[in-house]
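Some notes on the structure that comes next.
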Amino acid sequence: MVWGKREVLEDMPPWQGGGNMIADVTFEKTVFQPIPNKFEAGTGNIADAVGLGAAIDYVTKVGIENIARYEHELLVYGMQKLAAISGLRLIGTAADKASVISFVLQRYTTEEVGKALNEEGIAVRTGHHCAQPILRRFGVETTVRPSLAFYNTFDEIDRLIQVVTQLAGQRRLSSK
């Protein structure tokens with residue numbers, strides 16, 4: 001979806017042309033359809049519009065409050081379990097935050113942790129996450145970041161914990 005002020009949209013030229021967005025064209029000038037049609041060159045993105053509608057219906061059926069509550073429960077559970085792993089540091093521990101966990105693991109680069117998790121079928125993001133100033137405030141350049149959603153399960157978090165715990169134990173034992 002795109003939202004804009006009518007005055008701005010009426011004054012703005014379209015970025016792409018073609019199809020029914022043109023009301024009339026001559027060699028001297030082009031007259032565009034009224035908004036929003038003047039910005040709809042070619043065939044509309046019907047599949048995405050139908051998909052968005054289905055997603056909205058689904059979220060409405062499940063309930064946004066239920067989704068938020070469940071994601072928060074996953075977050076709290078995951079953060080408590082990760083915090084117990086020796087050598088793991090959670091980054092960003094606000095009580096009422098989005099269901100995203102960021103962490104670093106001693107003696108590992110974030111890429112190594114991400115690769116190990118990926119090899120076990122656990123998808124995480126590693127890197128600076130377009131948040132370098134705040135990461136530097138915490139004294140790190142990159143983190144491992146699992147993002148939790150209402151389709152995740154507590155069993156999946158347990159699997160994440162198991163793999164990270166194994167990693168922490170491997171480097172701890174080999175560094176002695």
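Just so you know, all these numbers are worked out from the coordinates, no wet-lab data involved. Keep in mind that what you see is a predicted model, and the values were worked out from it rather than measured. Cβ coordinates were reconstructed from backbone atoms using ideal geometry, including for glycine residues, and neighbour counts include every protein chain displayed.
Brief remarks on what is shown
- Listed by chain and number, the aspartates and glutamates placed with their C-alpha closer than 13 angstrom to that of LYS81 are GLU73, ASP155, GLU156, ASP158; residues fewer than eight positions away on the same chain are left out.
- In segment 2-73, the trypsin sites (Lys or Arg not before Pro) that fall in loop regions by DSSP, at most 11 other Cβ within 10 Å: LYS5, LYS29
- Taking all Cα pairs closer than 8 Å and separated by 6 or more residues, the relative contact order of the chain comes to 17 percent.
- Comparing PHE154, ALA41, GLY92 along the charge dipole axis of the chain, the residue lying farthest to the positive side is GLY92, per the Cβ-charge model.
- About its Cα centre, the dipole of the chain is roughly 1040 debye, where the only charges are +1 on Lys and Arg Cβ and -1 on Asp and Glu Cβ.
- When only the Cβ of Lys, Arg, Asp and Glu is charged (+1, +1, -1, -1), the dipole of segment 1-50 relative to its Cα centre reaches about 60 debye.
- Directionally averaged shadow of the chain, computed from the convex hull of its alpha-carbon atoms, nm²: 15.4
- 0 to 90° range, to nearest 10: angle between helix 46-62 axis and the chain longest Cα axis: 50
- Principal-axis tilt of helix 110-119 within the chain, Cα atoms, nearest 10 degrees: 90
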